[in-house]
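Visitor: Take this structure first; my questions come after.
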C-alpha cells in the first residue's frame, strides 16, 4: 500500500495480485487531510479501479490507481462504490 500526500489530499493506492493468473488489480481512495471526520473528507472511497483490467506488474497497477485518484480530485465529485 502506498500513501501519498498531494496538497490537502491523501491518496491511498494499492495493488493486489490474483492467485488465478498472477495479474494485478488496482485500488485507490482519496481523502482530504483537513476534514474533521472521515465522511466529510472522503472524495473517493476505497475501491477497485478499472474493474475489468488486470495489470502485468504491481507498479502498473499502482500507476493506474494514482491516475484514478487524480481524476477523482480533478472532477471534485464524490463517488460511492456500488
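Visitor: Surrounded by fewer than 16 Cβ atoms within 10 Å (Cβ to Cβ) and either modelled with pLDDT of 95 or more or in a loop (DSSP other than H, G, I, E, B) (or both): is that true of residue 35 in this structure?
Guide: Judged against the criteria, residue 35 is a match.
Visitor: Of the residues in the range 39-69, how many are farther than 15 Å from residue 27 by Cβ, in a helix (DSSP H, G or I) and at pLDDT 90 or above?
Guide: So the count comes out to 0.
Visitor: Residue 29: modelled with pLDDT of 95 or more and either in a strand (DSSP E or B) or surrounded by fewer than 17 Cβ atoms within 10 Å (Cβ to Cβ) (or both), yes or no? Talk me through it step by step, then tell me what you get.
Guide: Details: modelled with pLDDT of 95 or more: yes; either in a strand (DSSP E or B) or surrounded by fewer than 17 Cβ atoms within 10 Å (Cβ to Cβ) (or both): yes.
Against the criterion (modelled with pLDDT of 95 or more and either in a strand (DSSP E or B) or surrounded by fewer than 17 Cβ atoms within 10 Å (Cβ to Cβ) (or both)), residue 29 qualifies.
The values are calculated or read from the model by the stated rules, or taken from the named source; none is laboratory data. What you see is a predicted model; the values in this text were computed from it and never measured. A quick note on method: Cβ atoms are made from the backbone with ideal geometry, for glycine too, and the neighbour counts reach across all protein chains shown.
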